[in-house]
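Only one structure is covered here, and it is reproduced in the block below.
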Amino acid sequence: MCVSNLRGKVVLLIPTYNSELTIAETLDSIQGQSEGLNLLDCVLIADGGSSDRTLKIAKEMWRCSVPIRFRVTRPGRGEAQDVSDAVFSLSDEIEWIMLMHSDNIAYPDWLKTILGVVATANECVASVCSSYDSWVPGIRLSPGENQPDISIETIRGDLASVRGTLFRGCWWHHSTAAIRVKALREMGGYLPEFRHHLDWDLLLRFLSGGWNILYVRKSLMKYREHETSLSNRNMDEHIDVQEQLTITRKYQFALSLPDLMRLHSNRVILLSRRCISSIYRLQGRRLLFAIRVLAYLPISCVLCIVDRLFRQVQPPVAGF
């Protein structure tokens, strides 16, 4: 497919919630794209009921000829529900969404690079994603992958990829990614039960559903890290580890029993380190949460074994 054939079939989706301090930079970076903006049907702001100036700033900052639209929901629903509902509301003509969170900065060749790969993707590809730079404004920039030439890796939707992703963690960064609308709808969208690992769960559902992922070995975004981010709050309460245990149990059909034990042992090591760090930093609340999750680990392991013994854990797709 020629890239021009994507015209009007792609929506750029930006989830927001109280993003008045960062939304302007994000929109500036999008409007500064070298190519690809003209292919977009629109830019859709999926706002979770912001109480600050997010929407006002977005309206004032958008100067591009591509239409900008707003979908505002009530607070407290969460990103998973807001993004999923926005995707399910799209017309049948929209085949892909480009996702960019409202606190990240797209590099100028983001759309050009990702949409160029999308145009060559076959029907088995659920997403095209890329590397990124981790960024703490004014402090550090940790570079991601940057191959001199566009290098693309195909991650096949099979049990080996599910197993590898359970051990590796979420290598798929959905902010910068293009996601096929058909695939996202087929998977039921993002699941609201996940706050920290909603992208990891979706990635595993894609792979276990037989969908392939294309990974571009080039950094196309600055991923903003800051202390008030949801990710940091989740790790303070160790919600990330709790969700890791849920995901391990859910996708254990791709694991052997030794694999299962190894993943739980890794969590013991991780939480033990966090306990030591919390004691050193006098973080009593963080320590108590870590001890509570640590105490649950044997229960999690037993539940997984019970599933294997009595519920005949099976992959969700016939033929795997």
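Every read-out reported here was derived from the displayed coordinates using simple, explicitly stated rules and does not represent laboratory data. Model, not experiment: these values are computed from the prediction. Neighbour counts are summed over all protein chains in view; Cβ atoms, including those assigned to glycine, are modelled from backbone coordinates with ideal geometry.
Cα extents for the chain along the principal axes, largest to smallest and rounded to whole angstrom: 56, 50, 42. Centre-to-centre, using Cα atoms only, the range 270-288 and the range 146-199 are separated by 31 Å. Across the cross-link table entries Lys222/Lys250; Lys9/Lys218; Lys218/Lys250; Lys112/Lys250; Lys56/Lys182; Lys59/Lys222, which are compared at the Cα atoms, the separations over 29 Å belong to Lys222/Lys250; Lys218/Lys250; Lys112/Lys250; Lys56/Lys182. Considering only Leu55, Ser208, Ile45, and ranking their Cα positions along the charge dipole of the chain that arises from unit charges at the beta-carbon of Lys, Arg, Asp and Glu, the one farthest toward the positive end is Ser208. So what's the gap between the Cα centers of the range 111-139 and the range 35-105, to the nearest angstrom? Comparing the Cα centres of the range 111-139 and the range 35-105, I get a distance of 18 Å.
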